[in-house]
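Novice: Here it is, the structure, as structure tokens.
The values are calculated or read from the model by the stated rules, or taken from the named source; none is laboratory data. Not measured: the values here are computed from a predicted model. A quick note on method: Cβ atoms are made from the backbone with ideal geometry, for glycine too, and the neighbour counts reach across all protein chains shown.
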Amino acid sequence: MLTDAQIAQFHRDGYLVLEDVIDAKTLDAVKAEYEALIDRLYDEWAADGQLAPATPDMGFFDKLDAAVKAGFEWYQPLDISLSHSGIADDTPMHIGPAVFDMATHTNLLDIAESLLGPELTSNPIQHVRIKPPEAEVATGERRAHIIATDWHQDKGVTLPSADDTQMVTIWLAITDATVENGCLQVKPGLRDDMLPHCTRNQPGITETYLPKEHAVPTPVKAGGAVIFHPLTPHASLSNVSGGYRWSFDLRYNVTGQSTGRDQFPSFVARSRARPEAELRDWRVWKQMWDDARHTLARSAHIPQHRWPSDGPNCA
Ligand SMILES: O=C(O)CCC(=O)C(=O)O
Ligand SMILES: [Fe+2]
């Protein structure tokens, strides 16, 4: 659990940086799961003739790098969510046991419980971000999963159904996040107001509303985390290093409140009142995502947030 001092700091600053949140075993399991995934994807891409066959010396980042340099869609099969639009029966995503163990890790739930209380739902607004050196990214790529993230509040990427939802973001570093490789930056200070956003390349806070005070970079070592309130403005720096920056962002909300993306599946991650309601089997989680994909592939498009690209805040 967080200490009283950490809770007070969170309520003053709107964020917290914590080292050593996730143990090496959990981290290694996630990395091994992604290695197996990239091996399989690489073989498929090579079989399609999109990439040269793998050589035995190629590791995870070599294979990913080859895919990035080839300029085709490599991101969605790695993400732990469905895409924003164009969901079809064959839209790939990665819902696996090591990711489930990470998302339901006691240490993460203890942090969330310290801030939100004991009834916690795993919110489906969740992503992997394995960000390449920006110089390697194809021109025209604007996704915040791949290049620098624009200033925003996480409540700004929910639908209005979650305006009163109590939630928290836990941003977990899988590799060391540094100023050079594009760690997060925040505008400190707990706020209670939603700032106007406009979707240009990404949903971002309109410049005139961007708080003027100094931005604070939040570097953190692998296994550490940045915890932030959903109204804390944050962005990421650009990855100007020669290596990849890998993180997961996970969110939790008070059970019974809207997740703000209710077309995607959520589950009870912790319940002190009804422990039997907690989901313990990753295969059920995967089935929920598969079912959501099946339904959404047959439904009209549901926007993922409320900010158009030509709205009044875009002037
Ligand atoms: O990792 C990033 O670049 C952005 C993450 C973010 O906006 C979030 O975790 O809410
Ligand atoms: Fe965010």
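So that you can scan it fast, the table gives a plain yes or no per residue for (1) over 21 Å from Asn123 (Cα atoms); (2) of a type outside the set (Ser, Thr, Tyr); (3) within 23 Å of the chain's Cα centre (by Cα); (4) surrounded by fewer than 13 Cβ atoms within 10 Å (Cβ to Cβ):
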| residue | (1), (2), (3), (4) |
| --- | --- |
| Ala47 | yes, yes, no, yes |
| Asp57 | yes, yes, no, yes |
| Ser83 | no, no, yes, no |
| Asp90 | yes, yes, yes, yes |
| Ile95 | no, yes, yes, no |
| Leu108 | no, yes, yes, no |
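Novice: Only one of (1) assigned to a loop (DSSP other than H, G, I, E, B); (2) touching a helix residue (DSSP H, G or I) at 6+ places or on another chain (Cβ under 6 Å) is not met by Thr55, so which one is it?
Specialist: Exception for Thr55: condition (2).
Novice: Another question about this same structure. Testing Glu207 on (1) away from ligand 1 (no atom under 14 Å from the Cβ); (2) touching a residue at least 12 places away in the same chain (Cβ under 8 Å); (3) not aliphatic (A, V, I, L, M), one condition comes back false. Which one is that?
Specialist: It is condition (2) that Glu207 fails.
Novice: Of the numbered conditions (1) out of contact with any Cys (no Cβ under 6 Å at 6 or more places or on another chain); (2) at pLDDT 95 or above; (3) within 16 Å of ligand 2 (Cβ to nearest atom); (4) small (Gly, Ala, Ser), Ser161 fails exactly one; give the number of that condition.
Specialist: (3)
Every residue, every condition in (1) in contact with a helix residue (DSSP H, G or I) (Cβ under 7 Å, 6 or more places away or on another chain); (2) within 14 Å of ligand 1 (Cβ to nearest atom); (3) not basic (Lys, Arg), yes or no:
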{"site": "Asn239", "(1), (2), (3)": "yes, yes, yes"}
{"site": "Trp246", "(1), (2), (3)": "no, yes, yes"}
{"site": "Tyr252", "(1), (2), (3)": "yes, yes, yes"}
{"site": "Gly256", "(1), (2), (3)": "no, no, yes"}
{"site": "Val268", "(1), (2), (3)": "yes, no, yes"}
{"site": "Arg274", "(1), (2), (3)": "no, no, no"}
{"site": "Arg280", "(1), (2), (3)": "no, no, no"}
{"site": "Trp289", "(1), (2), (3)": "no, no, yes"}
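Novice: Follow-up question, since we're still on this one. Pick from the stretch 127-171 the residues that are in a strand (DSSP E or B) and near ligand 1 (Cβ under 9 Å from one of its atoms): which of them is surrounded by the fewest Cβ atoms within 10 Å (Cβ to Cβ)?
Specialist: Here the answer is His127.
Novice: So, in the stretch 229-246, exactly how many residues are surrounded by 22 or more Cβ atoms within 10 Å (Cβ to Cβ) and more than 24 Å from Glu213 (Cβ to Cβ)?
Specialist: Number of matching residues: 3.
Novice: Let me ask something additional. Testing Ile174 on (1) within 15 Å of ligand 2 (Cβ to nearest atom); (2) modelled with pLDDT of 95 or more; (3) surrounded by fewer than 23 Cβ atoms within 10 Å (Cβ to Cβ); (4) of a type outside the set (Gly, Ala, Ser), one condition comes back false. Which one is that?
Specialist: For Ile174, the failing item is (1).
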